[in-house]
Amino acid sequence: MFRLIVQRFCSACFTLAFIAAVVFGAVELMPGNACTAYLGRDAVGAKLESCEARLGLKRPALVRFGDWALGALKGDLGVSVQRGKPITELIGWRLRNTIVLSSIAILFGVPLAILLGVVAGLNKDRKLDFALSGGAIFAMTLPEFVSSTIFILVFSVSLGWASGIVTIGYKAPILDLIGSSILPATTLTLVLTAHILRMVRASVIEVLESDYVLMARLKGVPYRRIILRHVLPNSLLPAISVIGLTVAWLLGGVVTVESVYNYPGLGRMVVDAVSDRDIPLVQAITLLICSIYILVNLLTDILAMLLNPRLRTYRA
Amino acid sequence: MTIRNATDPQTLPGRQRGRSRKPGGRRLARLLTNPSGLAGLAIVTLHLVLACFGPLIVPYDFAFQDPSAVLQPPSLAHWFGTDLLGRDVLTRTILGGREAMLICTIATAIAMLWGGILGISLALIGGWIDNIVMRIADALMAMPWILFVMVFVAALGTGTTALVPILGVSYGLSVVYLARSAALEFVTKDFVLAAQARGQRRHTIVFKELLPNVRDSLAVQTAMQWSWMILGVSSLSYLGFGVPPPAPDWGLMIADARGIMSAAPWTAVFPIIALSSLVIGTNLAFDAAAKTLGVDRNSRAAGR
């Protein structure tokens, strides 16, 4: 048990180190560097010299990678080329805003998805199931920027219920933030729900067809008891790790959704940074988002192992 | 008669080939009897025809700006209305998928080529090489797709020439998973063992023994990869990293419509309908094809 957790932890560290190398190496392998990307491909002269000196680009790549990775571990993500400020200072508030937005989506989406998934699974192949799973596939296949635009068209333009564009600054107090993140959070919730709903439905159906449920039925156990004691516990345990995986989608979806609604979070900042060709900022935010994802996945996997004894021996 | 056929080495290969082709054709014919598959196929065909022959039938030039007809609602002169610069929305909607489809077709070919060959080879080779490569692939798949692409876009820049290799590499990863798991079913089968015992070279086994058997699932996956990539490219265009602005593109059109949606909702509605119908059509056709060819839809690679 303990060994498994340590193993899982080590593989998470490996993944993170590898991603850091990819994020750093992607730029190194390309022609030019962070300064030529920012100043233009054929920049020469004093401007380029001073920029390269400021970012320390004259040193060999491995030394810089070591510095960068060690700095990131200590919470120092370097300096933005465009904004001339330490990156940690720039992303602090925006990280909070993104966490607020994703938490709202998770808090509403996960219970809703589990409920609807169980309902769909128990009503397999009936009209209700058809409507729920059909809707889920539809919500999953539309890209986030399209569903956001449809939401704005329906709820903001024609119904006038909520503002389609977030206008608050990035340092706004949390309550204002929650108030103005209704539409972006709904969009994220929609797709999050669709993903988890399908997994839960499949899991419920699998358990319903199992031998022990058949046995319970043959023994004459009441339907309600079969569902509550046999089906739900056994089908919801696997859903825990699925929720971890869905966070990966959520963190990617945040990028477009924040841009559509102009929400002042990390996702919009990384889009701005790519437009400005501010490579150190792009690298820092990517690394940060990936480490959040890996951490969440690690925690959900460990939680699943603690709750589900079968996983302790299965996974080598 | 049968005995002579079986023992005659000349007729043997021909018979096998003829046999394997017939059921495939019949299975594809069954796709046409599936109503949702047929509808999907019809939608996709319509999109492809419009993409190919669009420039011949559009009423206006896609870049033509008419200052006297700005933000016109749909009318007889402009069936889908006009946008902020007085450009015809119908023209731009018809042409809006071409660039993305072209990029995605080339990138899908790249992804299938390297991903398919690497995946099948890994299944055959196995051992520590397989282990290491799959761990690396796992680590790369842990990055949200859009961030993976954006790191490269930040370094390489935007435009078609940068997008094709970026998409070809990033989407090939999930093909590696799919091809590997599809080929794993066959590497322990007798005919592969026989080929190994005959001393055939590895690449011969990959191309002659394994590839024909995973062909169906790879073909279905190609169609699906392509439609995901269309979505990916339009998301990138929307964010300003995809198809460059003067060109007509659904993602760009929806992005342009963002600020004027309350005044001119038609500038957003028509490209949304075009993009959604293509995606839904591909999905319907894909589902039906997966069912008739007996390919598992919920494979690991199905997650973006």
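Only the coordinates and a few stated rules stand behind these numbers; no lab work does. Everything numeric here is computed off the predicted structure, so don't read it as measured data. Cβ atoms come from the backbone with ideal geometry, glycine included; neighbour counts cover every protein chain shown.
Summary table
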| item | result |
| --- | --- |
| DSSP-loop trypsin sites (Lys or Arg not before Pro) across region B:185-285, with at most 14 other Cβ within 10 angstrom | B:Lys189, B:Arg198, B:Arg201 |
| Whole-angstrom gap from region A:156-209 to region B:197-260, using each part's C-alpha centre | 28 |
| P(r) tail fraction, chain B - alpha-carbon pairs more than 37 Å apart, % | 29 |
| Length gained when the stretch A:Arg96-A:Ile5 is fully extended (0.36 nm per residue, less Cα-Cα span) | 29.9 nm |
| Theoretical ellipticity at 222 nm over chain B - DSSP helices of four or more residues, -39500 (n - 2.57) apiece, nearest 500 | -24000 deg cm²/dmol |
| A:Ser148, B:Ser277 arranged by Cβ crowding within 10 Å, fewest neighbours leading | B:Ser277, A:Ser148 |
| Cut-off 20 Å (backbone N to label point 7 Å along Cα→Cβ of B:Ile136), residues of region B:189-216 | B:203 |
| Separation of alpha-carbon centers, region A:237-262 and region B:79-141, rounded to whole Å | 21 |
| Sequence of A:Met199, B:Met134, A:Met215, A:Met269 once ranked by neighbouring C-beta atoms within 10 Å, starting from the fewest | A:Met215, B:Met134, A:Met199, A:Met269 |
| Using alpha carbons only: equivalent-ellipsoid semi-axes of the protein assembly as shown, gyration tensor based, whole Å | 39, 32, 30 |
| Under Karplus coefficients 6.51, -1.76 and 1.60, residue-wise ³J(HN,Hα) of region B:270-276 in Hz, glycine/proline x | 5, x, 5, 4, 4, 5, 5 |
| Net +/- balance of residues flanking A:Arg217 in space, Cβ distance below 13 Å, scoring K and R +1, D and E -1 | +2 |
| Computed label-point distance, nm, for sites A:Thr167 and A:Leu214 using a 7 Å Cα→Cβ extension | 6.4 |
| Karplus-derived HN-Hα couplings along region B:193-200 (A = 6.51, B = -1.76, C = 1.60, θ = phi - 60°), whole Hz, x at Gly and Pro | 4, 4, 5, 5, 5, 5, x, 5 |
| Set of aspartates and glutamates near A:Lys85 by C-alpha distance (under 20 Å), chain-local residues within fewer than 8 positions excluded | A:Glu49, A:Glu52, A:Asp67, A:Asp76, A:Asp272, A:Asp276, A:Asp278 |
| Nitroxide proxy distance, nm - points 7 Å out along Cα→Cβ at A:Ile150 and A:Ala21 | 4.2 |
| Candidate aspartates and glutamates for bridging to B:Lys189, where Cα separation is under 13 Å - those fewer than 8 sequence places away on the same chain excluded | B:Glu209 |
| Choice from A:Ile289, A:Ile19, A:Ile174 with maximal GNM fluctuation in chain A (Cα, 10 Å cutoff) | A:Ile174 |
| Between 0 and 90°, nearest 10: helix B:211-239 axis offset from chain B longest Cα axis | 20 |
| Mean Kyte hydropathy of -0.5 or more with a Cα span along the axis of at least 27 Å, helices from DSSP in chain A | A:2-29, A:87-122, A:182-208, A:232-261, A:279-307 |
| Ratio of Rg to Rh over region A:95-312 (Cα coordinates, Kirkwood Rh, two decimals) | 1.04 |
| Förster-model FRET efficiency, 56 Å R0, B:Leu76 and A:Phe65, C-beta, rounded to 0.05 | 0.35 |
| Estimated [θ] at 222 nm from DSSP helical runs (n ≥ 4, -39500 (n - 2.57)) normalised by residues in chain A, nearest 500 | -25000 deg cm²/dmol |
| Residues with amide H under 5 Å from that of A:Val79, placed H, sequence gap 5 or more | A:Ile87 |
| Helix B:11-33 vs. chain B, principal-axis angle (Cα, 0 to 90°, nearest 10) | 30 |
| Nitroxide proxy distance, nm - points 7 Å out along Cα→Cβ at A:Leu232 and A:Phe108 | 2.4 |
